[in-house]
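J.: I'd like to ask you about the structure that follows.
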Amino acid sequence: MERWIDLRSDTVTRPTPAMRKAMAEAEVGDDVFGEDPTVNTLQERVAKLLGQEAALFVPSGTMANQLAIKSHTQPGDEVIIEATSHPYNFEGGGSAALSGVQFFCLKGLRGILDASQVEEAIRPDDHHFPVTRLICLENTHNRGGGAIYPIEKMAEIYRLAKSKGLLVHLDGARLWNASVVAGISPHEYGQWADSVSVCLSKGLGAPVGSLVTGSKIFIDRVHRFRKMFGGGMRQVGIIAAAGHYALDHHIERLKEDHRNAKRLAIGLKEMKGVSIHPDHVETNIVIFDVSQTGMTASQLSEAMKEKGILIHAFGKTQVRLVTHLDVTGEDIEMAIKAFKKVLG
Ligand code: TLP
């Protein structure tokens, strides 16, 4: 195949020539000594963007979440989280293995929880129970189809957390997407969490890199555990430079990905047996069900692959498509045509 149209994830993007140039020209130093100027400015920049005191650059979104959970908790603590969230489902059981915490999972509406649900899950002060310590939220919500957390709901949950002496971590791997759609700055979202993880390697198109933000004391703890987890990197300004470039050039253009996702959803809605709600497509993720098409998700994925289009089978009957920097409006039209042919 000459060129795949890769809709499996927004993690598949390749750095643009201009991004590569910025990487090649980056000023670097040994970041384990805190001497990489490009990393230092990126950390300061992202902390400021999120309205938090400090930030730390880490290799992945998974490490960012795991470090935050580790730094907020003690073994045996309980973490309230949505049942389809990333840390619970897609981080290899890391929180149990690395932090010794257990999750109290709640089912949200496309990943979004209400403060009242969270309140009910908080354990009473009784020695029989684990200690509820942390609440984790995800914005946008991946498995929820890129759903945006309404900021009022985040604020309500945060206020509840504070009234009960609990902490809130926000997995903001795709917070940039939420921000451009809702017209709410990352800074405004950031005020409703004690810590935030953000990714540069999803919609923003950097090859690697995430950051954890929070108070200075918290980030100092995260730093210690980053060393312990083997996440201290050396002349990593080469990668941080891609992050700076992405923040400069790739945020506003996310709107294009969102338009493409909506177009895909509307196209798919016309197809026999496909169950999808285009109204639910708020950002760059499209999830649909194929149980009425006579095909399983992996059969559809195989058939689409033959047409040069890569899609992600999420379980037996669900498919996920993600739009990003490396798919154009034309690619989307081609994908819709291919779906039409395959689904009949
Ligand atoms: N998500 C990946 C897969 O792991 C599912 C994807 O293709 O969407 N938080 C959220 C909300 C995420 O979607 C992801 C990646 C992460 C954290 C982890 O980031 P990485 O892959 O950098 O460890």
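The values are calculated or read from the model by the stated rules, or taken from the named source; none is laboratory data. Every value quoted in this text rests on a predicted model; they were computed, and no experiment measured them. Using ideal geometry, Cβ is built from the backbone for each residue, glycine included, and neighbour counts are taken over all protein chains shown. These accessible areas exclude ligands, DNA and RNA; they are computed on the full protein's heavy atoms, side chains included. Shrake-Rupley method; radii C 1.70, N 1.55, O 1.52, S 1.80 Å.
J.: I need the phi-derived Karplus couplings for the range 198-204: 6.51 cos²θ - 1.76 cosθ + 1.60, θ = phi - 60°, integer Hz, Gly and Pro marked x.
T.: 10, 10, 9, 9, 9, x, 6
J.: Would you pull out the residues with amide H under 5 Å of Ser210's amide H, same chain only if 5 or more places away, H placed 1.01 Å from N?
T.: Amide H neighbours of Ser210, under 5 Å, 5+ apart: Val58, Ser60, Leu200.
J.: Write out the GluC sites (Glu not before Pro) in the range 91-169 meeting two conditions: DSSP loop, and at most 12 other Cβ atoms within 10 Å of their Cβ.
T.: Details: sites: Glu91, Glu119, Glu120, Glu138, Glu152, Glu156; in loops: Glu91.
Taking the range 91-169 and a limit of 12 other Cβ atoms within 10 Å, no loop GluC sites (Glu not before Pro) are found.
J.: Right, another one. Report the residue, chosen from Gly100, Gly209, Gly230, that carries the largest GNM mean-square fluctuation when the chain is represented by alpha-carbon nodes joined by springs under 10 Å.
T.: Gly230
J.: OK, next. Can you give me the distance in nm between label points at Arg20 and Phe33, each placed 7 Å from the Cα along the Cα-to-Cβ direction?
T.: Label at Arg20, label at Phe33, 3.1 nm between them.
J.: Of all the accessible heavy-atom surface of the chain, with the other protein chains kept in place and a 1.4 Å probe, what percent is carbon and sulfur?
T.: 51
J.: Rounded to the nearest whole Å², what accessible area per residue is found for the chain with the 1.4 Å probe?
T.: Computed with neighbouring chains in place, this is 44 Å² per residue.
J.: Scattering from the C-alpha atoms of the range 253-343 alone, worked out with Debye: what is log10 I(q)/I(0) at q = 0.24 1/Å?
T.: -1.31
J.: Tell me which GluC sites (Glu not before Pro) from the range 191-296 have a DSSP coil assignment and no more than 15 other beta carbons within 10 Å of their own. Walk me through the numbers before you get to the answer.
T.: On the way: sites: Glu252, Glu256, Glu270, Glu282; in loops: Glu252, Glu270, Glu282.
Sites meeting the loop and neighbour criteria: Glu252, Glu270.
J.: I would also like to ask the following. What does DSSP give for the chain in terms of the percent of beta bridges that are antiparallel, rounded to the nearest 5?
T.: Looking only at bridges with both residues in the chain, the antiparallel portion is about 50 percent.
J.: Would you please give the residues with an amide H less than 5 Å from that of Phe103, counting only those at least 5 places away or on a separate chain, with H modeled from the backbone geometry?
T.: For Phe103, the qualifying residues are Val79.
J.: What are the equivalent ellipsoid semi-axes of the chain, built from the alpha-carbon gyration tensor (square roots of five times its eigenvalues), in whole angstrom, biggest first?
T.: 33, 26, 17
J.: With +1 on each Lys and Arg Cβ and -1 on each Asp and Glu Cβ, and nothing else charged, work out how big the dipole of the chain is about its Cα centre, in Debye to the nearest 20. Don't skip to the answer; put the middle values down first.
T.: On the way: 39 positive and 41 negative charges, 141 e Å.
Using Cβ point charges on Lys, Arg, Asp and Glu, the chain gives about 680 debye.
J.: Take the chain, connect every pair of alpha-carbon atoms lying under 10 Å apart with a spring to form a Gaussian network, then pick out the residue of Leu166, Leu109, Leu137 with the largest mean-square fluctuation.
T.: Ranking Leu166, Leu109, Leu137 by mean-square fluctuation puts Leu109 first.
J.: If I model a spin label at Glu256 and Glu53 as a point 7 Å from the Cα along the Cα→Cβ vector, what separation in nanometres do I get?
T.: The two pseudo-label positions are separated by 4.0 nm.
J.: Find, among the chymotrypsin sites (Phe, Trp or Tyr not before Pro) in the range 162-198, those assigned to loop by DSSP (not H, G, I, E, B) with at most 14 other beta-carbon atoms within 10 angstrom.
T.: Loop-located and lightly packed - none at all.
J.: What stretch of the chain, leaving out the sites themselves, is the longest with no trypsin sites (Lys or Arg not before Pro) in a DSSP loop having at most 14 other Cβ atoms within 10 Å?
T.: 4-106
J.: About its Cα centre, how strong a charge dipole does the range 95-250 have in debye, to the nearest 20, once Lys and Arg get +1 and Asp and Glu get -1 at the Cβ?
T.: The dipole of the range 95-250 has a size of about 520 debye.
J.: Given the range 199-344, what count of lysine pairs have C-alpha atoms under 15 Å apart, with each pair 8 or more places apart or on different chains?
T.: Summing the qualifying lysine pairs gives 13.
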